[in-house]
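Reading through the structure tokens given below for one structure.
Any read-out appearing in this document is the output of simple, stated calculations on the displayed coordinates, not a laboratory observation. Everything numeric in this text was worked out from a predicted model, so none of it was measured. Because the Cβ atoms are built from the backbone with ideal geometry, glycine has one as well, and the counts that use them run over all protein chains shown.
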Amino acid sequence: MPTYRVSVLGPRREAAAALEAVAALEAPEVVVRDLAQRALGDGVITAAELTGAPPDPAALRQRLGEALGPAASIVVASAPLRPARDDAYVASVLAALVAPGALARVVRAMVGAGAAVEHVTLLTRQPVMGYEIEVRTSDPDALRRAMGAAAAADGLDVALQRDVPARGSRRLVVMDADSTLLQDEVIDRLAEICGRAAEVQAITRAAMAGELDFAESLRRRVATLAGAPASVLDEVRAVVSLTPGARTLVRTLQRLGHVPAVVSGGFVEVLAPLLAELGIEHYAANHLEIVEGHLTGRVVGEILDRAGKAAALRRFAAELGIPLERTVAIGDGANDIDMLVAAGLGVAFNAKPVVREHADATLSVPNLDAVLVFLGLRAEA
């Protein structure tokens, strides 16, 4: 006996009519097994599971359309409202302000992609507004594209993740340092203090133009610091600042049993004291060579590049016994792409387009603790 999922998104004023129209489908040839309705922004979504519906979904849509009129968006799919667990997903929607109409447009796009929206929860209002949407779909790629396009039109950030029992389990959250955990680029700060800013900026421009890879550009930038007293590292630590929400993110993760970590193309000598103050025990970064109290302009050991960051994430996960699917990576630059791809959830934080294309989720707000929305945590956490 065929089973169909019906989703209707219509104006609030038609909420009762939508409920009545779907319930009225109950007939000798149709049994309404499940029926739910939820207000959503400037509209109302009505979802139902039907058994024994006519074999032609178009006939079912026509029947509902005649009752509801052209203002309703009606989707009929030959899948149950509550299919197997592997069809269960959680979508996250956030921005500094999520207007009701914007949220409704994202949900309308999800319904249009054949998904069944089951529950919408407001997780937090500050520092960002974040919603979590429980959804069922047999085509997550189509759903991701549809909700992404709708969200982009309203400047919203979105993510789609499998809704698995282990989603709330212990996670490893690995962050980049420069322009992610920190507001600063440490090498630039070092160059400014050493009076070498112009030289470093020229090398950075060459790297961004594709003339140098990360490892070579780092070697050349560090070389400009040769002869500087090691005390410049203390000066840099005194002026770099954490990204808004970074401390909240780290402390919340630690309190709830998750593990924050840092993987950086920057320098251990600058980061280690800052991370110790935050209580972050797992980190990887490059080492500056210091001889007789001065920087030599060289990096000790292998440079932690794009591939090295991903390897560090995998190493931390293995050491902690945390499966890769329960890891989160957060970064902003091309050097973070491999790490974002390797993680169970890759988050592009105020990143360039090329980085966003490789990420599972994007954040366009300046608050790092907005990542907590992607973990399904309410503001109370």
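Quick rundown of the values:
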| item | result |
| --- | --- |
| Sequence ranges 335-347, 183-195, ranked by mean other-Cβ count within 10 angstrom, highest first | 335-347, 183-195 |
| Pairwise FRET efficiency - Glu325 versus Ala152, Cβ, R0 = 25 Å, nearest 0.05 | 0.40 |
| Cα→Cβ-extended label distance, 7 Å offset, between Glu134 and Arg38, nm | 0.8 nm |
| Listed residues Leu181, Leu143, Leu295, most fluctuating in the chain (Gaussian network, C-alpha, under 10 Å) | Leu295 |
| Rotationally averaged projected area of region 163-283 (alpha carbon convex hull; nm²) | 9.0 nm² |
| Calculated FRET value between Ala276 and Arg61, using beta carbons and R₀ = 45 Å, to 0.05 | 0.15 |
| Only Lys, Arg (+1) and Asp, Glu (-1) charged, at Cβ; region 106-178 dipole about Cα centre in debye | 200 debye |
| Within region 215-248: backbone nitrogen closer than 14 Å to the His294 label point (7 Å, Cα to C-beta) | 224-232 |
| Cβ-Cβ FRET estimate between Arg378 and Ala307, R0 fixed at 41 Å, reported to 0.05 | 0.65 |
| Debye, to nearest 20: dipole size of the chain, +1 on Lys, Arg Cβ, -1 on Asp, Glu Cβ | 620 debye |
| Convex hull (Cα only) mean projected area of region 172-374, reported in nm² to one decimal | 10.5 nm² |
| Percent of beta bridges antiparallel (DSSP, the chain, rounded to nearest 5) | 75 percent |
| The chain, helix-only ellipticity at 222 nm - DSSP H runs n ≥ 4, -39,500 (n - 2.57), divided by all residues, nearest 500 | -10500 deg cm²/dmol |
| For the chain: relative contact order, % (alpha-carbon pairs under 8 angstrom, 6 or more apart) | 15 percent |
| Cβ-based charge dipole, region 172-374, positive-most Cα from Ala191, Pro323, Gly227 | Pro323 |
| Net lengthening on full extension, Ala230/Glu216 (0.36 nm per residue, minus Cα-Cα) | 2.8 nm |
| The chain: projected area of the alpha-carbon convex hull, averaged over directions, in nm² | 20.6 nm² |
| Over 16 Å [Cα-Cα, region 85-163], rounded percent | 41 percent |
